[in-house]
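Taken together, the values in this text are just the output of simple stated rules run on the coordinates, not laboratory data. Being a predicted model, the structure only gives us computed values, none of them experimental. Note that we place each Cβ from the backbone using ideal geometry, even for glycine, and neighbour counts take in every protein chain shown.
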Amino acid sequence: MGSRTGRMVSRRQILRLTGTGLGLAVFGAGVVGCGPEEEADVPGGSATPGGDRNGDTFTTPPPGTAPEPLWKANAANTGLAGNDALAAIGDVVLVSGDPLVGRDIVSGKEKWSRKGVTTPGAKLIVGGGTLYLASAEYDGDVVGLDPATGKETWRSRLGKKYEQPRPIAADDRHVYVLAGILEKDFTTPNNVIAAIDTTSGRIAWREQRDAGTEEFGITAAAVGGRLVYTDYRENVTVRDTATGRQLWTKKISRSNNRRFAVHEGLVIVADGRRLRAFDLVGGKERWSLRTEEFSSFNDPHVLDGVLYAADSARGMWAVDPGTGKRIWRNEDLRESATQAWQFAKVKGTLYGATEFDEDGGVHAFDAATGKLRWTYNDHTGDIQQWYVVAAGDRLAAMHGKRLYALPAV
């Protein structure tokens with residue numbers, strides 16, 4: 001940390017960055033960020049502008065030095081929405097919480113705020129330009145908001161037979177939900193996966209799930225006429241989005257409930273030591289890539305036609321998603337305490353948000369070689385994981401209840 005807080009770069013970080021040619025730059029310049037005493041105080045939802053920029057042209061920092069935030073603000077993040085807690089839709093940044101607030105990515109100013117609009121821990125599910133949320137009135141409805149204004153533009157009309165539907169994915173035609181079926185004794189022993197027609201607001205199809213399946217721990221995506229989801233019970237399942245018919249399901253060796261990737265007819269999942277790609281239509285395994293012994297893969301992302309994933313040994317991988325062939329593997333963070341779990345990409349730079357805070361934050365990698373360029377950390381000491389999403393030439397980064405905008409440099 002710079003002289004304002006008196007905090008210094010850890011010895012481990014200096015030694016690690018020295019090995020990548022960045023140590024002297026970091027040691028000489030200090031780590032750019034903000035300490036606890038610099039935490040944004042945003043009464044009324046205002047934000048603190050900052051950063052060195054000329055229009056949309058940002059200054060590239062020296063190697064090893066992270067950029068200053070363009071603005072920073074408090075966020076109502078509860079930590080319950082998992083990987084769907086932060087979203088950038090157009091020029092609006094959203095954080096799952098109460099109140100639900102839409103901020104302008106350029107200025108950080110609050111564009112709208114809605115209190116009590118959804119349930120705690122709601123995932124930010126977007127389809128066809130609409131943000132879908134479970135109704136906070138617990139009336140069995142799903143509501144649709146305009147992300148630009150926060151105004152309600154759509155509402156389902158399901159009645160009382162469905163106990164609190166929770167959106168898991170959406171596309172132009174449907175919003176897909178999990179819901180318990182309310183029995184006469186007010187119990188919900190069974191749950192269904194269903195598609196709500198976004199024109200009529202009524203159920204287009206519903207399929208009962210197997211007995212014993214949970215209503216939580218689901219990660220889903222609707223792509224190319226297929227609804228793909230994984231669950232706590234170590235399954236990968238694909239359904240037809242038009243009819244709900246289950247096309248195939250596969251058992252994997254490890255629960256995969258955070259993120260998978262879909263790319264050109266393949267669904268790619270992290271399954272322990274392996275990345276595995278299955279044919280989206282028939283479920284046939286197309287390729288498998290194994291990491292080293294005693295290590296396992298984290299969540300895969302496909303960005304600009306390249307698959308990126310970290311492993312638990314802090315290795316970073318770039319892979320051809322069509323063939324499973326390695327493009328590069330980076331070990332710059334081998335001695336660090338954490339690895340990236342969520343990725344964003346802007347032009348030639350890959351950004352990775354880490355699971356934990358020590359030696360982590362938002363890493364910037366050269367997308368062509370995988371080399372670490374810089375790491376941004378707010379040095380608050382908050383143990384919560386980081387999030388990052390791209391919005392044009394800016395990044396929205398979240399850590400605990402703090403939201404930052406960083407230039408994508």
Query raised in the report: Whose amide H sits under 5 Å from the amide H of Ser296, counting only residues 5 or more places off or on another chain, with H placed in the peptide plane?
Result: Ser312, Ala313
Requested in this report: In nm, give the distance between the simple-model label positions of Glu207 and Arg233, each being 7 Å from the Cα along the Cα-to-Cβ direction.
Outcome: 1.3
